[in-house]
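Notes follow the structure.
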Amino acid sequence: MVNADSEKNTTLNGENKKSWKKWGPYITERQWGTVREDYSFDGDTWNCITHEKARSIAYRWGEEGIAGFCDDRQIICIAPAFWNGKDPIIKERLFGLTNEQGNHGEDVKELYFHLDSSPNHTYAKYLYKYPQAAFPYDELILRNKQDRTKPEVELLDTDAFKENRYFDCYIEYAKADVDDILLKVTVYNRGPEAATIHVLPHIWFRNYWKHNPWFRSKRPKLSAIADNCIQTYSTRNWEMYFYHEPGEQLFCENETNNQHIYNTLNEFPYVKDGINDYVLKGKHTVNPDKLGTRAAVWYKKELAAGESKTFKVRLSKNQTADPWSDFDTIFSRRSSETDHFYEELTPESFKPEHKKLLRNALGGLLWTKQFYYMDVYKWLNGEQGDPPPQRIKKRNADWHHLTNRHVISMPDKWEYPWYAAWDLAFHATSFAHIDPDFAKEQLQLMLREYYMHPNGQIPAYEWNFSDVNPPVHAWAVWEVYEKDKQKTGVSDLDFLERAFQKLLMNFTWWVNRKDVNGTDLFEGGFLGLDNIGVFDRSKMPAGIKNMQQADSTSWMAMFSLNMLRISLELAGHNIAYEESAAKFFRHFLNIAWAMNHIGDRNISLWDDDDQFFYDVVQFENGGTHRLKIRSLVGIIPLFAVEMISKTIFDHSYEFKVRVINIMRTRPDLASLINHFEQKNENGDFMLSIMRGPRLEQLLNRLLDESEFLSDFGIRSLSKYHLEHPYEFDHHGKHVIKYEPGESSSYMFGGNSNWRGPIWFPLNYLIIQSLRKFYTFYGPSQLYEFPTGSGNKLNLKQIANELTVRLLKIFDKDETGKYRYHSNHDEFSDDGHFQDLHLFYEFFNGDTGQGLGASHQTGWTALVANLLLEMEDEDYRNTFSDLEEEAFVAASYREQ
């Protein structure tokens, strides 16, 4: 029965002391092909465990499934599997190409949608579209063996969905209580004829015992205690009961099929792929005694055309004679609570399509949580009592301290099923709107001693924890703190102070490690922007001593201002933090000075002729050279802007004295930042690298439709380079050209492209920066938008116009499909496709088509921020005007 305590706002955080987030969609969508499961001698990660091998190998560090749920330590997992009667394997995991197989890198080749979730996952919904014909595994591999100038071949490019012969499999979860999880799978036959579907809800234990002697002697157990109930037992979760409707119970062990994989003897007679082999081949590979550590219930149902069938299971701590009496009521209640949560979150002024977009974006963000487990010391050196793994190269060998065992927000649980530090910072700013506690936990996690390196570096991602991501963590901490304060009315100073203390270590790491010459000019390599350089900025050509990066240095200017702002906030409660504020003020000034004085000839990162910021390389012979590439690298200086209110400045006496002293003794430094000696009409101050004229000059390029400004946002590389490729002739010819879609470069695996497409995180920071500038300059300071149009707007209006262009990506075109979708007829002609959102990694700079990872709701969920952070009056004015313009345009077309 539903627990009475759960009735009070279970979908809202902080209203209930129970651990409602204990269970959630924390199972990854791909565990195979990951670094943490790679025990190969040569470090061939993608081929150590392949999709083909995955059904037979018991994983060491985590589990995978389709729309799976587990507890927050992934002791017990539940997930559905399917079979259409024609596939060579049960569909229990999503299929995709490896980095080597795809002509644009790794890519999932399935159709699935994260539809909905409450913040606490008391309700969650997922859709998987399953072809009725045999899944075209081999065809997808073969047809993607093509050069990089051609688009990827997707599932819809095959005949798999011909004549609508597919099943819609809706997977829904609801919680009656913390440890009472309801799952229902509703399958629709969308085809023109009857078709048979096999549904196999699975329950299993992650194999945590094999590498732990203590647990090895206390193996968990699944056992049939009735025709409709499987009991689970472990020393970690004790007893639970898996109730199901009548169906055939199948049991095996979550252990590797050594005979199949390694041609050695199996330790257990009924191994991981036993259920698959029993269902497909009728082999005696399931335990007749109905015992094991992995189990499923097998249902088979023929569905007439258009018919649907619902299959129900329930996992509960409670024994009950009738698990179904309140089943539908619980689902209805949890679904209604989730509706109410999003109604409360969404402004009434929102158009219906924006309400749907907001909910789908945040629902997808919530679905991309994952239990991430990796202990680098054990991974490198082996388990207790076992010999160490034999490897040519010991990846991440200097990260022995790193032990990750938490639920973490992933960029994409198939394409990027590992956390990435700077992605996570953006995720947190979106989570702050729906679950600020989780947002704060995520940011603090990266700063803990078993994540952050003792030297202060924040881990990047499992392929190389030592890679360098942009230092946006302090920005995210401040953003989440501010959003939480606005939402709750309470300042979480404990969170802010704890984060600040660790961020001091990270700032020091940047200064000591990435400012090689001690000149306040920073390097960092590719800095998350993959192929944005004319060459790999992490592996520079011979003869180049170092590179003074406009983006790295600007990120550090922004980092300095973030730390200054946090210091002033903390100083309101502890005056000692004014010392820190003064320190970061001076850091900011030093960086601003250094950006204009490189080398013996005082070369600047700013080019007066081009009116743009560029990277500068220094050769080993002492010479320097600007790399005149018009990319986001030269836009990032815009982000180094911060407002200091008159009230804060006047109440921070020690800081004020230090600032005035610097201004008097070093006017040369003061002159490099924007009007700090001047106040706006409110008496507020602004710190910015972009002095007034430079701001206008940079905006001239940024807002030029022949350069950065697209109909769908800001491009990552100027369109100028379409007709004017940039060439750097040094130990070979290096060329960069505007490419609005997929990359033709193999740099960084080739599955991302920063040479033209639109990326939400950088667009979000541009819009946010323009709004900060507006708070200082006000409505009277006008700029041309677009450049050359003669149309003048203030900076807030420009920020709103950029928001509109980004949102246009998610509008429907004249055929009825979302603009970002590919030109497959299903998205315009099939009513069961038309209203389904995907959140791509990046978007074509000319057409808005979605590219890269298709479920990167992590940072593309920033579309929710853009909607929620637009002032209500601006939203009403902007979109009512657009509707009027659209009506006039439509009338004109009709005439």
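The values are calculated or read from the model by the stated rules, or taken from the named source; none is laboratory data. Computed from a prediction, not measured in an experiment: that's the story for all the values here. As a convention, Cβ positions derive from the backbone with ideal geometry for all residues, glycine included, and neighbour counts pool all protein chains shown. The protein model used for the area step is the full one, side chains on, heavy atoms only, and it has no ligands, DNA or RNA in it. Shrake-Rupley method; radii C 1.70, N 1.55, O 1.52, S 1.80 Å.
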- How far is helix 653-665 tilted off the main Cα axis of the chain, in degrees rounded to 10, range 0 to 90? 50
- Query: So which of 125/369; 86/109; 355/812; 440/646; 351/808; 145/733 end up more than 22 Å apart, counting from Cα to Cα?
  - Reply: 440/646; 145/733
- Residue (of 788, 489, 132) at the positive-pole extreme of the chain, dipole from beta-carbon charges: 489
- Note on the structure: On the accessible surface of the range 99-248, probed at 1.4 Å with all protein chains in place, carbon and sulfur together account for a percent value of 47
- Item | Radius of gyration, Dmax [the range 250-380; alpha carbons; angstrom] | 22.2, 66
- Message: Under 8 Å for C-alpha pairs, at least 6 residues apart: give me the relative contact order for the chain, rounded to a whole percent.
- Response: 10
- For residue 375, residues with placed amide H under 5 Å, excluding near neighbours: 404
- Query: Rounded to two decimals, what is Rg over Rh for the range 467-621 when you use alpha-carbon atoms and the Kirkwood radius?
  - Reply: 1.03
- Query: About the Cα centre of the chain, what is the dipole size in debye to 20, counting +1 per Lys and Arg Cβ and -1 per Asp and Glu Cβ, all else neutral?
  - Reply: 2300
- Amide proton proximity set for residue 408, modelled H, under 5 Å, gap of 5+: 370, 371, 372
- Here D for the range 550-628, in µm²/s, from Stokes-Einstein with a Kirkwood Rh over Cα pairs at 10 °C and 1.306 mPa s, works out to 113
- Note on the structure: Residue separation between residue 723 and residue 449 times 0.36 nm, minus their alpha-carbon distance, gives in nm 93.7 nm
- Extending each Cα 7 Å along its Cβ direction at residue 324 and residue 266, get the distance between those two points in nm, one decimal. 3.3
- Note on the structure: Output row, site residue 711, 7 Å Cα→C-beta label point, backbone N cut-off 15 Å, window the range 830-851, residues 844-850
- Which of the listed residues, 142, 81, 97, is farthest toward the dipole's positive end in the range 19-174, when Lys, Arg count +1 and Asp, Glu count -1 at the beta-carbon? 81
- Query: By per-residue mean of other Cβ atoms within 10 Å, what is the highest-first order of 82-92, 270-280?
  - Reply: 270-280, 82-92
- Message: Taking every alpha carbon pair in the range 464-549, what does the distance histogram look like in 10 angstrom bins from 0, in percent?
- Response: 15, 36, 27, 16, 5, 1
- Query: So for the chain, what percent of the C-alpha to C-alpha distances run longer than 45 Å?
  - Reply: 29
- Can you give me the three principal axis dimensions of the range 184-306 from its C-alpha atoms, in Å, biggest first? 55, 36, 22
- Query: What ³J(HN,Hα) values, in whole Hz, does the Karplus curve 6.51 cos²θ - 1.76 cosθ + 1.60 give for the range 418-427 when θ = phi - 60°, with x put for Gly and Pro?
  - Reply: 8, 6, 10, 4, 7, 4, 4, 4, 5, 3
- Note on the structure: Across 5 Å bins beginning at 0, the whole-percent shares of Cα-Cα pair distances in the range 167-241 come to 3, 11, 16, 17, 15, 13, 11, 6, 4, 2, 1, 0
- Along the positive direction of the dipole of the chain (beta-carbon charges: Lys, Arg +1; Asp, Glu -1; about the Cα centre), which of 166, 268, 683 reaches farthest? 268
- Note on the structure: Partnerless cysteines (no other Cys beta carbon under 4.7 Å) identified across the chain are 48, 169, 229, 252
- Message: Taking a cut-off of 25 Å, what percent of all Cα-Cα pairs in the range 669-818 are separated by more than that?
- Response: 42
- By per-residue mean of other Cβ atoms within 10 Å, what is the highest-first order of 772-781, 553-562, 203-212, 656-665? 553-562, 203-212, 772-781, 656-665
- At a temperature of 25 °C and a viscosity of 0.890 mPa s, determine how fast the range 320-406 diffuses translationally according to Stokes-Einstein, using the Kirkwood radius over alpha-carbon pairs as Rh; express D in µm²/s, rounded to the nearest whole number. 135
- Provide, as a two-decimal number, the C-alpha radius of gyration of the range 582-741 over 2.2 N^0.38 Å, N being how many residues it has. 1.23
- From the phi of every residue in the range 557-570, what ³J(HN,Hα) in whole Hz does the Karplus formula 6.51 cos²θ - 1.76 cosθ + 1.60 yield, where θ is phi - 60° and glycine or proline is x? 4, 5, 4, 4, 5, 4, 5, 4, 5, 5, 4, 5, 5, 5
- Item | Cut-off under 5 Å, modelled amide H: who pairs with residue 81 long-range | 200, 202
- Task: Using every pair of alpha-carbon atoms in the range 392-447, split the distances into 5 Å bins beginning at 0 and state the percent of pairs per bin, rounded to integers.
- Result: 4, 17, 24, 22, 17, 8, 4, 2, 1, 0
- Taking the mean number of other Cβ atoms within 10 Å as a proxy for protection, how do you rank 94-104, 421-431 from highest to lowest? 421-431, 94-104
- Item | Estimated inter-spin distance, residue 245 and residue 377, nm [label 7 Å along Cα→Cβ] | 5.0
- Query: Tell me, what is a quarter of the convex hull surface for the C-alpha atoms of the range 644-715, in nm² with one decimal?
  - Reply: 6.5
- Message: With θ taken as phi - 60° and the coefficients 6.51, -1.76 and 1.60, list the Karplus ³J(HN,Hα) couplings across the range 845-854 in order, rounded to whole Hz; mark glycine and proline as x.
- Response: x, 10, 10, x, 5, x, 9, x, 4, 8
- Item | Förster radius 45 Å - calculated FRET efficiency between residue 356 and residue 792, Cβ distance, rounded to 0.05 | 0.85
- Rounded to the angstrom and largest first, Cα extents along the principal axes for the range 786-839 equal 43, 19, 13
- Counting other Cβ atoms within 10 Å, which GluC sites (Glu not before Pro) in the range 794-867 have at most 11 and lie in a DSSP loop? 814
- Message: If I fit a long axis through the Cα atoms of helix 692-702 and take the longest principal axis of the Cα atoms of the chain, what angle between them do I get, 0 to 90°, rounded to 10?
- Response: 40
- Just how large is the dipole of the range 561-657 about the Cα centre, in debye to the nearest 20, putting +1 at every Lys and Arg Cβ and -1 at every Asp and Glu Cβ? 80
- Query: Regarding the range 359-486, what are the three Cα extents along the principal axes, ordered largest first, in Å?
  - Reply: 53, 30, 23
